Amino acid sequence: MADGWGAPAASAVDEPWGAPTVAESHDDPKPADDSVNDMVSGDVANPPLTGANSEEYRLKAAEAGWGAKMPVDYEIYNQRGGDFADYMGKGAVYEWSDDFGDVAPELPELEQHLFGGDFRIRRGGNYKALEMQVSTEGPKALAPARTFPTAGLHPVMLDNVVNKCQYPEPTPIQQYTIPAVLQGNDVIAVAQTGSGKTAAYLIPVLSRLMGKAKKLCAPKARPQGPGVRAEPLVIIVVPTRELAIQVFDETRRLCYRSMLRPVVAYGGLPLGQCLDELSKGCDILIASPGRLCDLMERPAALTMSRIKYTILDEADEMLHDDWQEELGKIMAGGDANEDADHTYLMFSATFPAPLRKLAREYMADDHYVLRVGRAGSTHKNVQQNVIYVDRDRKRDALFDLLYTSDPARTLIFCNSKAAVDQVDDFLYNRHLPTTSIHSGRSQREREDSIRAFRSGKAPILIATGISSRGWDVANIAHVINYDLPSAMHGGINEYVHRIGRTARMGHKGLATSFYNDRDEELAQALVNVLTESGSDIPEFLAHLQPEEGTAIAFDDDSEDEAEGGAGFGAAEDGDGMDAAAGETGGSGAESAWGVAATVGNDGAFAADADTTAAASAWIAGWDSDGQGLIKHG
């Protein structure tokens, strides 16, 4: 089938994250034209397609750099391995040699590979919006780590964080998690998406292990020697394959110049390749639940007997009934642990009752509960718009929305695999640079799409909810909920996770959601989130807006602490953050679509040019922002 774009992206080995040179951010994303916000039932016109299949179009497409449409035969593509035979899970890591002595050398080529990616998210100029009250519950008050140099980190970790990753200072959740973990406590940390939770647990855990590396590290295989059994010290469990890859990427950066060797294991990565990486030695294992449980049944390949840290990332997502068996097996630890000194860390954007129950079962009584703001909330860097669109008009409304917005990396969410395929085909046939991802695709196809989206080769990604958790993709300026999450499947928490893919780490972003009568069960919770974040309430939902001065009743089960813990500490104020100065980047090209949008007397949206011109203008605008042209064939 055609995936929405032709030639494969750059090699995972030579250019591990796709084409270079990506603009830092769209700090002030342009909202859609006001006319789009006026769309209601029956008011969306189908844009004209005149000339789309004509010789004139083909000439314009060639001039824009597209070339001819070339469907990808994935059966052949998967067999031959494409231009990147290695999966993302085989990314290069720092390989320690006993000849290094006490000071490991820098490896410039690997350093460029790990730290030189232009698409890595760097702090934006609206960082102040992340400054929220941090509440702590635990055995004693925590002294926050306001700066990395004063946090008590291992020298190698400090160099990686400050000089290599160029993190200026800890985020609020990092300020409190780092000292809690360094003291050896179990931790539950609850913070908004995009607040730095991954680094919050990696930095203190890896730093603590670096100081004892020679004593603790697992055996490593010698070059051309026999393999070894993997004996990890840390297990990091994540709910999705893509998040596993992302955490692995961050881990191999922070393990640079240390004896700690990370490995990632996830479904879809060929088992043989996974076992091969484990046989080279493993200190940090990042895994999805299913693949980890499979490996735990292979004692010749993996032992859990030396685990010192079990970390659940996006912990609330792994509490669903269909994962109970796997999660129970993982938390129990498999084979007998030789060391009773075992630390549990759970990180999440919400704090539901099942998560509190899990914490009580496995965590020590003196564990900490850290919260940034209200559990399950979003932050004000996301501008949220809700538009009423009839079900049979959504595809046209989506095209109109894209047509009237500046070109920007855009993530579109649908509720089903079939809807993803249909929307992808619809936009691609209107000559927009799309790709798509869902669980029905092979792993190579999924990683193919990620590369294309990250690199800007296909800056519009249509996805199901597998892309809503934890993804850090630089420069996502616009998230569109083509389908709002069902109240029965994810509900408002899913909505918060989805829109959290934009406005990461102090950047601004735009979230637009299509609403219709099928979404009525989500309406009150949606209005509550819009009200809390200071977003506009559309007229068709105004009757649900809380009266001024009335407390918002959030029905998310996140604030019920009656069964959650001892309630030790008082609130702390995470006020040590300063806005970044001199942050580079910029918004999309001014009027980059190059086409006027108008609303007729009947309120119907009409484009003043055909879709060929719209697509060409979109591509030209994308290229003018330094993103690179999409090329087919």
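No value in this document is a laboratory result; all are computed from the given coordinates. Everything numeric in this text was worked out from a predicted model, so none of it was measured. Note that we place each Cβ from the backbone using ideal geometry, even for glycine, and neighbour counts take in every protein chain shown.
Couple of notes before you dig in:
- Both numbers refer to the Cα atoms of the range 171-285; Rg and Dmax are 14.9, 46 Å.
- Taken about its Cα centre, the range 136-372 carries a charge dipole of roughly 1000 debye when the Cβ of each Lys and Arg holds +1 and the Cβ of each Asp and Glu holds -1.
- Peptide packing: for 220-228, 202-210, 275-283, the average count of neighbouring Cβ atoms within 10 Å per residue gives the ranking 202-210, 275-283, 220-228, highest mean first.
- The peptide list 426-435, 360-369, 522-531, 91-100, put in order of mean Cβ contacts within 10 Å with the highest first, becomes 426-435, 522-531, 360-369, 91-100.
- Under the simplified labelling scheme, the Asn429-Gln545 pair shows an inter-label distance of 4.0 nm, with each label point 7 Å from Cα along Cα→Cβ.
- Cross-link table Lys140/Lys280; Lys329/Lys457; Lys90/Lys329; Lys164/Lys215; Lys417/Lys457, entries beyond 31 Å C-alpha to C-alpha: Lys140/Lys280; Lys329/Lys457
- Computed across the range 136-372, the Kirkwood radius stands at 17.9 Å (inverse of mean 1/r, all Cα pairs).
- 5 angstrom amide H check on Ile412, placed H, neighbours 5+ away: Leu461, Ile462, Ala463, Ile480
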